[in-house]
1. For segment 291-307, state whether one or more residues are modelled with pLDDT under 70, in contact with a strand residue (DSSP E or B) (Cβ under 8 Å, 6 or more places away or on another chain), surrounded by fewer than 16 Cβ atoms within 10 Å (Cβ to Cβ) and part of a strand (DSSP E or B).
2. Does segment 219-226 contain any residue that is over 23 Å from residue 116 (Cβ atoms), loosely packed, with under 14 Cβ neighbours inside 10 Å and either modelled with pLDDT of 95 or more or charged (D, E, K, R) (or both)?
3. Within segment 154-235, considering only strands (runs of 3 or more DSSP E) that don't extend past its boundaries, which have at least 3 residues that are assigned by TED's automatic domain parsing to the domain that holds residue 256 and polar (S, T, N, Q)?
4. If you check every pair at least six apart or on different chains, which have Cβ atoms under 7 Å apart with a residue in segment 134-146 that is within 14 Å of residue 124 (Cα to Cα) and assigned to a strand (DSSP E or B) first and a residue that is at pLDDT below 95 and charged (D, E, K, R) second?
5. Taking into account only those residues within segment 110-126 that are buried (at least 18 other Cβ atoms within 10 Å of the Cβ) and more than 18 Å from the chain's Cα centre (by Cα), which is farthest from residue 250 (Cα to Cα)?
6. With 178, 183 as the choices, which residue is closer than 18 Å to residue 271 by Cα, modelled with pLDDT under 95 and not charged (D, E, K, R)?
7. On the basis of being within 18 Å of the chain's Cα centre (by Cα), surrounded by 14 or more Cβ atoms within 10 Å (Cβ to Cβ) and under 17 Å from residue 112 (Cα atoms), does residue 168 make the cut?
8. May I ask you to list pairs of residues, at least six apart or on different chains, whose Cβ atoms are under 6 Å apart, with the first in segment 277-291 being more than 17 Å from residue 109 (Cα to Cα) and among the charged types (D, E, K, R) and the second being modelled with pLDDT of 95 or more and part of a strand (DSSP E or B)?
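The values are calculated or read from the model by the stated rules, or taken from the named source; none is laboratory data. What you see is a predicted model, and the numbers here were worked out from it, not measured in a lab. Neighbour counts are summed over all protein chains in view; Cβ atoms, including those assigned to glycine, are modelled from backbone coordinates with ideal geometry.
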Amino acid sequence: MDVASIHVLNALPLFRGSSPKSTPDSAKDSLFDESLRNIASSTSKAAALRIELGGSSPCAGDISRKSTRKEFARLCKSTHQPAKTPMKLNSILSACALSAVALHAAADPVAGSTSGTWVNPTPTGGSIVTTGVGTSTFTWGDSTGLGAGDNTLAFAGGAFSSVTETPFKVGTITYHNGTTFAGTLPSTVDLALTLAFGTPSLGNVVSNYTFNLVSTTNGGIDPNADADFVDLPSAFSTTSFVIGAITYSVKLLGFQNVTGDGFLASSASEFHVREGLTASADLYAEVTQTAAVPEPQTYALMLGGLAAIGSLVRRRSARR
C-alpha cells in the first residue's frame, strides 16, 4: 500500500469523529491537521488537491489557519450538499480522502538524460537543400551569396529528474534564422527525442515529433513580422511505454525561457527568431498517462467510500 493510502486510513477515524471520547479537542485538532498535511505531502498532484490548511481542500472549501475540525466539516458539507438534505461528514470526507488516493496512484518518479537528432525532413529532392540529417544540428535552405548563413536548428539535451504528470526540461533548441532562396526549403523536420530512463530502468525511449519550418517574406519594415519560426503542431508521438501497470507517453509542452533575438507568439508551441539572428529556447515535456490500471487498494478504498454513501442514502430514504 502506498504512503497516501496509509495516511488516508489513519485519518478516517478523525474524519468520522470516532476518535476516543477522552481525547481533548485540542489534541483532535492537532491530529486532524497532521493527517491533512500527511495526505497532501504524499500526493504529487498538490496543485490539484491542496489538502492543507491555508489552501483549498479537495472538497473545494477554503480553510483558513484558524479553522477547526467543525468548521472544516461545515465547509465541506455546505459545498457538497444542499441545505435541506445534508450529507454526513463521514461520507463527504471519506470520499475526499479516497479521491486523493486515486489521484496519487498516477505519480511515479522519472529520471535520466535526454538527447535528440533531426530526421525525416519533407519534402526532399529537387532544389531542396539540407544537411545534418540524423545529427543534433540540422541546416536547411540555400544561402549562397546572401550573407546571413543557412537556417539552423541545434538540439542539446541534458539530465532530468521529475515525476509523472509534472513538467520538466528535456533540452534546449538553438535556432538561427538565415536568409535563403525560396524553393530550397523543406517545410517540416522531425525531432527524434531520446529519453534514457534510469528511473525506472526502461533504457532508451525514442519519440518523434514533427516541427513545422515556417519562412516568412522579408518586408524589411517590421523585424517581428519578418521573423521565421518553428511550430510544434502535435504534442504527442506514437511511442508509449509501461511503468508498473500504467501506460505512458512523453508529451511536449512547448518552449520557455527564450534568450537572444527571438520570442514566443500567442502560443508556446511557436518559437520565432528575427531575420539573420539567433536565439535559444528551452523545450519542456511531461511523462503522462495514456491508460491507467488502478492498484487493488485504490479500488478497495473507493468501493468502501461508495458503499458508505449508498448506505446513508438508503437509510435516509427509509426514514421519509
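1. Checked against the condition, which is being modelled with pLDDT under 70, in contact with a strand residue (DSSP E or B) (Cβ under 8 Å, 6 or more places away or on another chain), surrounded by fewer than 16 Cβ atoms within 10 Å (Cβ to Cβ) and part of a strand (DSSP E or B), segment 291-307 yields at least one hit.
2. Yes: segment 219-226 contains one or more residues that are over 23 Å from residue 116 (Cβ atoms), loosely packed, with under 14 Cβ neighbours inside 10 Å and either modelled with pLDDT of 95 or more or charged (D, E, K, R) (or both).
3. 188-199, 203-214
4. Qualifying pairs under 7 Å: 139/150; 140/150.
5. Going residue by residue through segment 110-126, those that are buried (at least 18 other Cβ atoms within 10 Å of the Cβ) are 110, 112, 114-118, 121.
Adding the requirement that they be more than 18 Å from the chain's Cα centre (by Cα) leaves 115-118, 121.
On the way: 115: 14, 116: 14, 117: 16, 118: 17, 121: 22 Å.
Filtering segment 110-126 for residues that are buried (at least 18 other Cβ atoms within 10 Å of the Cβ) and more than 18 Å from the chain's Cα centre (by Cα), the one farthest from residue 250 (Cα to Cα) comes out as 121.
6. Working: 183 fails: closer than 18 Å to residue 271 by Cα.
Only one candidate qualifies: 178.
7. Numbers: within 18 Å of the chain's Cα centre (by Cα): yes; surrounded by 14 or more Cβ atoms within 10 Å (Cβ to Cβ): yes; under 17 Å from residue 112 (Cα atoms): yes.
So residue 168 fits the description; yes.
8. 282/169; 282/172; 282/256; 282/257
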